[in-house]
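Report on the structure given below.
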């Protein structure tokens, strides 16, 4: 990815540089399958500043990783909301929300791997999960789910979708070959774990 030419920030606009550093880190990570390839130097080159300029905002690359994780969990929650916005039933919300989760993991494998290994530092990790709990609770309330514990079964569903995302990766063949599509497995996972009535 080619570096960009970046004009110097006006005095007092350091926050802009911080956002640009995070955006550059996200873009670089999305372009590589290995999160370890992200370095202060590569981020600085992408932003168009010297590596020492990064230190005014992040003490090391680990701190940039933390902000990438925070940003990514926010992205995941936004995708859940967007994907489920036009759903007409709670069951459809569950399917679409889990599909959005799976899609995020497959399209952004390096960031997803990082999210799985590092805790979010701003509480944003909890943004997406409550949406899943709420969707399952609505399905229970309307009688379309036999679940008796929305939080427990949403946690199980989250773990299942995480496992599916880890298995299939991006552009990788599934362990079960071509007998079932990924969508087949996802639908069966959601229907079974959430106790959805056919």
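Values for this structure:
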| read-out | value |
| --- | --- |
| Failed condition for residue 191, given (1) touching a helix residue (DSSP H, G or I) at 6+ places or on another chain (Cβ under 8 Å); (2) surrounded by 15 or more Cβ atoms within 10 Å (Cβ to Cβ) | (1) |
| Residue match in segment 166-178 (condition: exposed (fewer than 12 other Cβ atoms within 10 Å of the Cβ), more than 30 Å from residue 39 (Cα to Cα) and modelled with pLDDT of 90 or more) | no |
| Residues of segment 138-157 that turn out to be crowded, with 18+ Cβ neighbours inside 10 Å, more than 19 Å from the chain's Cα centre (by Cα) and not in a loop (DSSP other than H, G, I, E, B), as a count | 5 |
| Set 36, 27: member being modelled with pLDDT under 90 and not assigned by TED's automatic domain parsing to the domain that holds residue 108 | 36 |
| Residue check, residue 77 touching a residue at least 24 places away in the same chain (Cβ under 8 Å), touching a helix residue (DSSP H, G or I) at 6+ places or on another chain (Cβ under 7 Å) and more than 30 Å from residue 136 (Cβ to Cβ) | no |
| Residue identified as part of a helix (DSSP H, G or I), within 11 Å of the chain's Cα centre (by Cα) and at pLDDT 90 or above among 101, 95 | 101 |
| Single condition residue 58 does not satisfy, out of (1) more than 21 Å from residue 114 (Cα to Cα); (2) part of a loop (DSSP other than H, G, I, E, B); (3) modelled with pLDDT of 90 or more | (1) |
| Any hit, segment 111-121, residues being at pLDDT 85 or above and more than 14 Å from the chain's Cα centre (by Cα) | no |
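The values are calculated or read from the model by the stated rules, or taken from the named source; none is laboratory data. Note that this is a predicted model, so its numbers are computed, not measured. Counting neighbours? That spans all protein chains shown, and the Cβs are built from the backbone with ideal geometry, glycine included.
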